[in-house]
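Inspection log for the structure reproduced underneath, given as structure tokens.
The values are calculated or read from the model by the stated rules, or taken from the named source; none is laboratory data. Nothing here was measured: the structure is a model prediction, and the numbers come from that model. Ligands, DNA and RNA are excluded from the accessible area calculation, which covers all protein heavy atoms including side chains. Shrake-Rupley method; radii C 1.70, N 1.55, O 1.52, S 1.80 Å.
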Amino acid sequence: MDVFDVNWMDRADRRRRGKSDPLDAQNAARAVLSGRACARAKSGDGSVQIARMYKLTRASAVKARSQAINQLKAVFVTADPALREELAGLGNAELLRTCARFTDVSSHEGAGEESVLQANWITLGLLADRIGRLSEQIRDVDARLTRRVEGHAPQLLAALCGVSPVERSSGRRQVRCLKRYAAREVFHLVKQLQPGPRS
């Protein structure tokens, strides 16, 4: 049995005849019979499903990494002034590398009860380590997605990162609209495809 997706009902018809499940079912059947509804339902297997799983994994990793970065910055703002001075002026990459070394706090630990400064070191170190691991996961999933698309639909490589320009015309001129932040996504994707060492 062939299964088709009917994405949108006729709004004008719904306003005239009302909104109900039987009417929606009739309109869906008419759309399929007339050929207007020709989108195949998702099968849940094959290359598309694999890419869908990778995109899901990437989205959750990006969200978790952003949360960890925000937490690290919040701890850094409220940290001991001496620690802030030690880390001030470092770029993002160097800051993360420096904070990641704080997980080994044996050199900072003294005798007696744990201090707030030591807790700052440990927290910054754990958050930096988490950010590094999530970044590595994102890079791994990006590489898998790129290989998947290159092997099965290389023409969709731009659509993968959200570019897919849409034609728009005002009558006098014709332009192509890009998704917001698409240029940044393309830059990162092109960087991944280039051979050579990565920073």
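For A37, nonlocal amide neighbours, meaning residues 5 or more places apart or on other chains whose placed amide H falls under 5 Å from its own, are V32.
Put F4, F102 in order of accessible area, largest first, 1.4 Å probe: what do you get? Kindly include the intermediate steps, with their values, before the conclusion.
Numbers: F4 70, F102 10 Å².
Order by accessible area, largest first: F4, F102.
To the nearest 10, the accessible area of V48 is 100 Å² with a 1.4 Å probe.
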